[in-house]
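The values are calculated or read from the model by the stated rules, or taken from the named source; none is laboratory data. Note that this is a predicted model, so its numbers are computed, not measured. Cβ atoms come from the backbone with ideal geometry, glycine included; neighbour counts cover every protein chain shown.
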Amino acid sequence: MSQIRENQTPNTRVVIYDWVRLLATIWVVIGHSSYLDDAQTYGSVSFALPELLSPSYNDLPLRLVRFLSGWVYTFHMPLFFLLSGAVLALSPKLPSFDIFVRKKAKRLLLPYLLWGYLYMLPVKYLIGYYTKETFAKALAGFFVGEDAGHLWFLPALFWSLLIYAAIRKVLAHFSVKSELLPLVICMLLSFSYELCPIRFFCFQTGLDYLVWVALGNFLEILRKKAKPLALWKLLALLAAMLLLEVLHKKYLILHYLAAILVGCALSYLLARLCETAFGRVTNTGFWRLLCRNLFAVYLIHDPLEFVILKLFWHFGWMQQGIGVYAYTVLRTVGVFAVCVLAGELVRIVCNRFGKTAVL
């Protein structure tokens, strides 16, 4: 599919969203790069900082990474739902509902099951996340959304997209053409998600995040109608968002919903700035390699974080300055690079057998 700039023909690739996907994927890797413990229904893991931890652990660059890790948690998952809603709006019309369901199941649920059973759960078992007894329970529970780990996003997005598509279909059946009404309906559903008794396969979570899919769809409609931002306006808006983030960090001035919106807006503006500054890179093979494997980074990265934790704590490498730097680099840049390469390798193998739905 050809890449295009903004405000061009619908149903083709919009480069700005590739930049947003790249930033969102970087955010999620950074967000998962600093935790030391994690727990699910049937398993858990916890690593304590060693008593002889190298003082380099508190050097400014490493503290900055840990700060970013905490910061991205305020908005990074809503950003993915926003992006999914925006991309959905690129098509001039939705396909029939049964075709839509099949496409989204193939794109989201099949990778969830394959990567969960063949990769995430076995890796977690090997690093001691599960015992033999709890591993069997986790295998059974995963099928219905328990112990989904970082893959919870896939079934949750599946439900969000289906609910949103159903709302659009119903409104279209009654010839309702309002662009705002679907957003209002989704907002009401999302804000009452706790009343929903259905938790099967992350359905309640999908209902919770439904508003962000609808908002992303609505914002894409507005983006198509808007004039491109001048560079000075882009920089001014970026500075304003950064100022809000700084003030919120110090004084907690933002409601949590406002903090999500500011983080998402900042990510979009950074993506626009990257597109402006590095536009030529989008015509390179490296860019195409990167973009087609961003989903692979999401699928693969989190279990690798556990492997790095296990190795560094087992061998005591955190007691040396070079060790804590290597630890941080491996959990961020290293994990990202390995996932891109692994994703490309899996893609090559799968293409040989005509199996492309796993990535």
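General observations
- When the test is whether a residue is part of a helix (DSSP H, G or I), within 22 Å of residue 310 (Cβ to Cβ) and touching a helix residue (DSSP H, G or I) at 6+ places or on another chain (Cβ under 6 Å), residue 161 does not pass it.
- Given (1) more than 21 Å from the chain's Cα centre (by Cα); (2) under 20 Å from residue 200 (Cα atoms); (3) of a type in the set (Phe, Trp, Tyr), index of the condition residue 129 fails: (2)
- For the stretch 34-142, the helices (runs of 4 or more DSSP H) that sit wholly inside it and include 1 or more residues that are in contact with a Pro (Cβ under 9 Å, 6 or more places away or on another chain), of a type in the set (A, V, I, L, M) and within 30 Å of residue 347 (Cα to Cα) are 121-126.
- Subset tally (residues that are modelled with pLDDT under 95, of a type in the set (Ser, Thr, Tyr) and either more than 24 Å from the chain's Cα centre (by Cα) or closer than 30 Å to residue 121 by Cβ (or both)) for the stretch 1-32: 1
- Within the stretch 72-88, the set of residues being surrounded by fewer than 19 Cβ atoms within 10 Å (Cβ to Cβ) and either out of contact with any Gly (no Cβ under 9 Å at 6 or more places or on another chain) or among the hydrophobic types (A, V, I, L, M, F, W, C) (or both) comprises just one member, 87.
- Of the listed requirements (1) in contact (Cβ under 8 Å) with a residue 40 or more places away in the chain; (2) touching a Leu at 6+ places or on another chain (Cβ under 9 Å); (3) surrounded by 15 or more Cβ atoms within 10 Å (Cβ to Cβ), residue 116 misses just one: (1).
- Residue in the stretch 213-222 that is more than 16 Å from residue 89 (Cβ to Cβ) and either assigned to a helix (DSSP H, G or I) or of a type in the set (Lys, Arg) (or both) present: no
- Qualifying positions in the stretch 210-247 - within 22 Å of the chain's Cα centre (by Cα), closer than 22 Å to residue 72 by Cβ and hydrophobic (A, V, I, L, M, F, W, C): 210, 211, 212, 213, 215, 219, 238, 241, 242
- Flag for residue 121 being more than 22 Å from residue 43 (Cα to Cα), hydrophobic (A, V, I, L, M, F, W, C), surrounded by 14 or more Cβ atoms within 10 Å (Cβ to Cβ) and out of contact with any Lys or Arg (no Cβ under 7 Å at 6 or more places or on another chain): no
- Checking every residue in the stretch 44-64 against the condition of being farther than 30 Å from residue 131 by Cα, surrounded by fewer than 17 Cβ atoms within 10 Å (Cβ to Cβ) and of a type in the set (A, V, I, L, M, F, W, C) gives at least one match.
- Residue in the stretch 245-254 that is of a type in the set (A, V, I, L, M, F, W, C), closer than 25 Å to residue 87 by Cβ and either in contact (Cβ under 8 Å) with a residue 60 or more places away in the chain or part of a helix (DSSP H, G or I) (or both) present: no
- Subset tally (residues that are out of contact with any helix residue (DSSP H, G or I) (no Cβ under 6 Å at 6 or more places or on another chain), surrounded by 11 or more Cβ atoms within 10 Å (Cβ to Cβ) and either in a helix (DSSP H, G or I) or of a type in the set (Gly, Ala, Ser) (or both)) for the stretch 169-182: 4
- Odd one out for residue 295, checked against (1) modelled with pLDDT under 95; (2) among the aromatic types (Phe, Trp, Tyr); (3) within 30 Å of residue 113 (Cβ to Cβ): (1)
- Test result for residue 244, over 27 Å from residue 153 (Cα atoms), surrounded by fewer than 15 Cβ atoms within 10 Å (Cβ to Cβ) and hydrophobic (A, V, I, L, M, F, W, C): no
- Residue match in the stretch 85-94 (condition: touching a helix residue (DSSP H, G or I) at 6+ places or on another chain (Cβ under 7 Å) and closer than 30 Å to residue 250 by Cβ): no
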